[in-house]
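Below is one structure, written out as structure tokens; the observations come after it.
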Amino acid sequence: MDKLKSMASEAGTFINRTVQYTEEKLGNAEKTELDARFENLLQRADRTRQWTEAILAKMGAVLEPNPNSRLEDYVNTKLDRRTRDRESNSEQFGSAMIDAGNELGPGTQYGATLIQVGQSQRKIGQIQREYIQSSLSNYIVPLRTFLDGDMKTITKERKILENVRLDLDAAKGKVRKARSAEASKTPNHEEMIKAAEADLRKAQADFDRQYEITTLLLEGITSAHSTHLERLKDFVEAEQTYYAQCSQTMAELQQQLGNIPGSMGGIRPPRPASGPPQGVATTTPMPTAPPLDTMLPEDKSRPQKGVRKAKVLYDYDAADDSELSLLADEVINVYSMPGMDPDWMVGERGSQRGRVPLTYIEVL
């Protein structure tokens with residue numbers, strides 16, 4: 001019986017709120033207006049929730065571009081499971097390069113370079129995982145905790161406040177109705193007024209108490225902003241450390257590659273200052289040496305002594321007909337001629353002959 005009475009009371013309250021809400025929307029009932037400061041607090045709370053959710057969504061896409069992986073991590077987090085150690089894309093890329101280098105021959109320049117680059121890529125992947133973990137614990141988790149904790153509490157209390165506000169306005173309507181001229185004709189008019197006023201006092205007390213609770217929670221958004229600011233600074237520090245470590249790793253790799261003959265860290269070695277820019281043809285003889293066709297008009301001009309073998313270190317494209325194009329790792333004959341620039345030699349490959357820069361060859 002008590003349960004039935006409770007259910008009937010709750011049903012009556014729900015009906016009264018529905019009627020009050022409907023009449024307010026139709027403009028047939030008065031509505032208790034909240035003060036401007038409280039409305040501003042509500043708007044700030046809504047903006048905070050909205051943009052916190054947006055920041056988390058965009059940041060998640062930055063830290064984990066793969067949407068399937070993000071979904072998996074989210075589900076594991078909700079189920080309180082430990083996220084499995086998944087190798088990053090950089091680590092997988094590095095592993096592929098290391099395997100390729102070992103397969104193609106770690107004793108070769110290309111194989112050794114693949115291994116070195118792969119090791120650096122794996123190191124960058126590990127640095128990235130540390131950065132992601134730091135961002136998760138120091139920034140993302142606090143923001144999610146705020147949304148799942150404080151914001152849910154605020155939403156719940158706001159809903160309660162709206163309900164008691166509807167109850168208050170419904171009680172005011174009952175008092176006005178009890179005091180109306182039509183109600184004064186009923187036999188128990190005074191009792192109706194007293195009961196309506198008692199309900200109004202209770203509704204007003206409930207509303208004032210809930211209003212105070214909700215206000216305190218909304219004012220707490222200021223403290224939440226301060227906390228988020230500190231977490232944002234932690235995130236920026238973690239990101240700065242991440243990029244600095246990546247930059248240092250790549251600088252070390254570039255230095256290592258510079259010590260490998262034929263690689264120069266991926267940068268082609270500079271052309272001797274006495275030569276014309278590569279890829280730019282010229283019909284003007286070099287000022288420090290006469291054209292090769294005047295130096296070597298016939299085979300008898302080739303010196304019979306001083307001819308040596310030279311290994312080509314890097315590919316080289318001849319700038320004009322007076323030069324000889326080179327392919328890395330080939331062996332050619334080289335020698336010097338009187339009056340030549342010391343940064344150049346004459347190179348021969350079969351019947352082909354032309355000037356070659358010393359920085360591109362290793363005289364054996």
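Values in this text are rule-based calculations from the coordinates and carry no lab data. From a predicted model like this one, the values you see are computed outputs, not experimental measurements. For neighbour counting, all protein chains shown are included, and Cβ atoms are generated from backbone atoms with ideal geometry for every residue, glycine included.
For ASP329, what residues show an amide H to amide H distance below 5 Å, using hydrogens built from the backbone and excluding near sequence neighbours?
It is VAL312, LEU313, TYR314, by chain and number.
So if R0 is 22 Å, what FRET efficiency would MET250 and ALA328 give, r being the distance between their Cβ atoms, rounded to the nearest 0.05? Walk me through the numbers before you get to the answer.
Details: r = 24 Å, r/R0 = 1.10.
Rounded to the nearest 0.05, the efficiency is 0.35.
Can you return the aspartates and glutamates within cross-link range of LYS309? Criterion is Cα-Cα under 14 Å, with same-chain partners fewer than 8 residues away left out.
ASP329, GLU330, GLU348, GLU362
Based on Cα coordinates alone, diagonalise the gyration tensor for the stretch 147-189, multiply each eigenvalue by 5, take square roots, and list the semi-axes in whole Å, largest first. Walk me through the numbers before you get to the answer.
Values: eigenvalues 306, 8, 3 Å².
After scaling each eigenvalue by five and taking roots: 39, 6, 4 Å.
Given LYS31/LYS185; LYS156/LYS194; LYS172/LYS194; LYS174/LYS202; LYS152/LYS174, which pairs have Cα atoms separated by over 24 Å? The partial results should precede the final answer.
On the way: LYS31/LYS185 28 Å; LYS156/LYS194 33 Å; LYS172/LYS194 13 Å; LYS174/LYS202 13 Å; LYS152/LYS174 33 Å.
Checking Cα-Cα distances, LYS31/LYS185; LYS156/LYS194; LYS152/LYS174 exceed 24 Å.
Between GLU87 and THR153, take the C-beta separation as r, use R0 = 45 Å, and let me know the FRET efficiency to the nearest 0.05.
After rounding, the FRET efficiency stands at 0.70.
For the stretch 111-176, what is the convex hull volume of its Cα atoms per residue in Å³? Walk me through the numbers before you get to the answer.
Values: hull volume 4.5 nm³, N = 66.
Taking only Cα atoms, the stretch 111-176 has a hull volume of 68 Å³ per residue.
What FRET efficiency comes out for VAL62 versus ARG209 if R0 is 51 angstrom and r is the Cβ-Cβ distance? Round to the nearest 0.05. Intermediate values should be presented prior to the final figure.
Values: r = 44 Å, r/R0 = 0.86.
The value I calculate is 0.70.
State, to one decimal in nm, how far the label point of ASN40 lies from the label point of GLU219, with both points 7 Å from Cα in the Cβ direction.
Using points 7 Å along Cα→Cβ, the separation is 1.4 nm.
Please give the length that would be gained between THR13 and ASP343 if that part of the chain were fully extended, namely 0.36 nm times their separation in residues minus their C-alpha to C-alpha distance (nm, one decimal). Don't skip to the answer; put the middle values down first.
Values: separation 330, 0.36 × 330 = 118.80 nm, distance 9.90 nm.
108.9 nm is the gain from fully extending THR13 to ASP343.
Quick one: length gained pulling GLU362 to THR186 fully straight, 0.36 nm per residue minus the C-alpha distance? Don't skip to the end; give the middle numbers.
Details: separation 176, 0.36 × 176 = 63.36 nm, distance 11.90 nm.
Extending this stretch completely gives an extra 51.5 nm.
Grab the alpha carbons of the stretch 159-260, take their convex hull, and tell me the volume per residue in Å³.
Values: hull volume 10.2 nm³, N = 102.
Hull volume over Cα atoms, normalised by residue count, gives 100 Å³.
To the nearest µm²/s, what D does Stokes-Einstein give for the stretch 10-257 at 37 °C and 0.692 mPa s, using the Kirkwood radius over alpha carbon pairs as Rh?
Working: Rh = 23.6 Å.
It comes out at roughly 139 µm²/s.
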